[in-house]
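The block underneath contains the structure these notes are about, expressed in structure tokens.
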Amino acid sequence: MAEEVSEGDTQSFDRQVMLLFRHAGDPGQLLGPPWLPSTLRDLTSLGSTVILGLTLVLALGYLAIARKRMAMLFVFASVVLGQALATGLKLLFERQRPDLIPNAPEVFTASFPSGHAMLSAVTYLTLAALLTRIETRRLIQHYFMAAGILLTVLVGVSRVALGVHWPTDVAAGWCAGAAWATVCAVVAARLAKFKEIERLP
């Protein structure tokens with residue numbers, strides 16, 4: 001995907017998908033009810049550094065109270081290193097932000113991959129995987145993972161609808177974030193076998 005984006009092969013696709021959210025005669029106007037723009041801004045904030053940072057701090061607080069020191073350090077390292085990876089990828093590709101939507105919110109960092117999409121995947125999916133270690137019932141484990149996926153998808157879609165990211169930015173962020181969260185989950189499972197990371201009650 002990065003190669004296709006770098007070569008400009010996705011530009012037509014990106015434009016067509018982004019315009020699906022907009023009035024045909026006026027791309028500055030979102031399709032949908034009047035309350036939709038504010039709702040999208042609320043949803044996109046779920047992938048902001050502030051909200052994800054607060055979520056991480058609360059999760060670490062729980063692990064500290066539960067005296068799961070190694071699990072706490074592992075979750076912290078997983079999310080912080082995921083943030084560093086997202087920043088590094090943005091600096092590597094330096095894709096310009098979309099200029100298709102009039103009056104779109106101004107964002108000054110690079111566009112590819114979407115940091116909101118990637119970091120929400122890293123944070124919410126990592127925490128969902130952590131919660132599945134607490135709960136042994138299969139249905140509730142599925143619920144935790146579905147909740148993590150839903151939050152991640154809502155954040156990514158809101159970025160495209162608001163006009164601050166191309167669809168391929170978001171898709172790349174989802175892929176990279178999910179891959180990172182998967183790697184972290186596999187490593188955590190391997191370490192748990194050797195009791196390096198405590199199994200939660």
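The values are calculated or read from the model by the stated rules, or taken from the named source; none is laboratory data. Fair warning: this is a prediction, and the values are worked out from it, not measured in the lab. Glycine gets a Cβ as well: all are built from the backbone with ideal geometry, and neighbour counts include every protein chain shown. Protein only, heavy atoms only, side chains kept; ligands, DNA and RNA dropped before computing areas. Shrake-Rupley method; radii C 1.70, N 1.55, O 1.52, S 1.80 Å.
Descriptive notes on the structure:
- Highest mobility in the GNM of the chain, judged by mean-square fluctuation with C-alpha springs under 10 Å and restricted to D14, D169, D26, is found for D26.
- Solvent-accessible area per residue, Å², over the chain with all protein chains present [probe radius 1.4 Å]: 56
- Karplus-derived 3J(HN,Hα) values for the range 25-32, using 6.51 cos²θ - 1.76 cosθ + 1.60 with θ = phi - 60°, are x, 8, x, x, 10, 6, 6, x Hz; glycine and proline are entered as x.
- Rounded to the nearest 20 debye, the dipole magnitude of the range 15-119 is 440 debye, with +1 charges on Lys and Arg beta carbons, -1 on Asp and Glu beta carbons, and the Cα centre as origin.
- Once backbone amide H atoms are built at 1.01 Å from N, R95 has S111, F112 as its partners under 5 Å, excluding neighbours fewer than 5 places away on the same chain.
- Residue among R137, R67, R95 with the largest mean-square fluctuation in a Gaussian network model of the chain, springs linking Cα atoms under 10 Å: R137
- In order along the range 48-57, the phi-based Karplus estimate (6.51 cos²θ - 1.76 cosθ + 1.60, θ = phi - 60°) of 3J(HN,Hα) comes to 6, 4, 5, 5, 5, x, 5, 4, 5, 4 Hz; Gly and Pro are listed as x.
- For the range 144-151, 3J(HN,Hα) per residue [Karplus equation, 6.51 cos²θ - 1.76 cosθ + 1.60, θ = phi - 60°, Hz, x = Gly/Pro]: 4, 5, 5, 5, x, 5, 4, 4
- Leading residue at positive end of dipole, the range 3-150 (Cβ point charges), from S48, S120, V75: V75
- Mean Cα-pair separation over length for the chain, i.e. relative contact order, pairs under 8 Å, 6 or more apart, %: 28
- The magnitude of the dipole of the chain, with charges of +1 and -1 set on the Cβ of Lys/Arg and Asp/Glu and taken from the Cα centre, is near 1180 debye.
- For Q29, residues with placed amide H under 5 Å, excluding near neighbours: H23
- Dipole size of the range 58-109 about its Cα centre, with +1 on Lys/Arg Cβ and -1 on Asp/Glu Cβ: approximately 420 debye, rounded to the nearest 20.
- Using the average count of surrounding beta-carbon atoms within 10 Å as a protection proxy, the listed peptides 155-163, 174-182 rank, highest first, as 155-163, 174-182.
- Surface composition of the chain: carbon and sulfur make up 67 percent of the accessible area, probe 1.4 Å.
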